[in-house]
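Structure first, commentary second.
Read the figures in this text as sums done on the coordinates, not as results from a lab. As the structure is a computational prediction, the values presented were derived from the model and not from experiment. Heads up, the Cβs are rebuilt from the backbone with ideal geometry, glycines too, and the neighbour counts pull from every protein chain shown.
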Amino acid sequence: GCLTHWDGVSCWWAVPIGQSRATSCPDILRVFKKSKALIQRNCTESGWSSPSPPYATACQLEDSSSSNHTEAKASYFVTMKVLYTCGYSTSLAALFLAIGIFSCFRKLHCTRNSIHIHFFTSFILRGVAVLIKDAVLFSDDSTDHCTMSTVNCKAAITFFQYSVLANFYWLLVEGLYLQTLLLLTFTSDRRYIWWYILIGWGVPMLTVCTWVVTRLQYDNHGCWDDHTSLYWWVIKAPILLAIFVNFLIFLNVTRMLAQKIWSPDISKSYKQQYMRLTKSTLLLIPLFGVHYVVFALFPEQVAVAPRLYFELVLGSYQGFLVALLYCFLNGEVQAEVKRNWGKWQSSMESNVFNLVTQDFTA
């Protein structure tokens, strides 16, 4: 029969001689023009026949020539990769700067900012994981993705899945901490930080270890980057659970915030405190969860183009947005940076004056 064959666009699984196999217009090409055409190949004594109709014709590309189709596909992915590489690079630079600011200034050392640092770190891991996955899986265009099943690619996918899980669970921790602050009326207790760390890093680690053991035992095929496997729900279900719990927290915090703002017993300064502490998290919870829930309700092969743009291009700038909201636009951070910048300028002016005075007296 015909062995499994990767033609650079689709994977054609093995079938006996005399049988045929069909696939819909490949998702890779649907980003140019959506089509529901079927592409068929027959298994002959000399191997797989040519795609019928050709990819370019079936997928309704403007130019039906194979060379132009390949160039169009390559151009699209090159553009996509440049966009999300720039996004992750911008996010990584902003996140490292934000962590440096929170770490360097002693007055910014508190439980809330410690949680922010962990949250930033999860975004850094996610960005690095995407770049590593690209380097391992897609650095060589001639790689046969039907049969690729190396330790390196499985490790890259595992690290990526852990980073994504940690990202969502540290967002959950942000929501839990915000709710705790409102319930305890701004009474912060550092004892809870270890529970937050256990949720943010421990739950993803336990989930990924379960997923790895399951794949090794029951579905150790390919590079583990397929979303069609039933065991993909070992990763997907905890993410959906985190988003659902965060949504409930979002509703509860909104309710508590409305009660406190409209309460006549709370002073204006406290109302401003509530608003300042909650606005960032209330924006991030729906922002990071809604699109994932929407796409989770559809099969992986549906809405490929929007999914790619949301998860790769727009998703690559999420780290920058988080650093902007939690650090760079934070009034407390801005005041501390300005204060230390003023002290540094005064110190420099004083040193220059002393040097000039020494030279004059000498």
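With R₀ set to 22 Å, the beta-carbon distance separating LYS338 from ALA93 gives a calculated FRET efficiency near 0.55. A simple spin-label model places pseudo-atoms 7 Å from Cα toward Cβ; at SER50 and GLN217 they are separated by 4.9 nm. Taken along the Cα-to-beta-carbon direction at a fixed 7 Å, the label points for ASN252 and ALA237 span 2.3 nm. Of the peptides 201-211, 226-236, the order by per-residue mean of other Cβ atoms within 10 Å, starting with the highest, comes out as 201-211, 226-236. How much FRET efficiency would the formula 1/(1 + (r/R0)^6) give for LEU329 and MET205, where r is the Cβ-Cβ distance and R0 is 30 Å, rounded to 0.05? The pair LEU329/MET205 has a calculated efficiency of 0.40.
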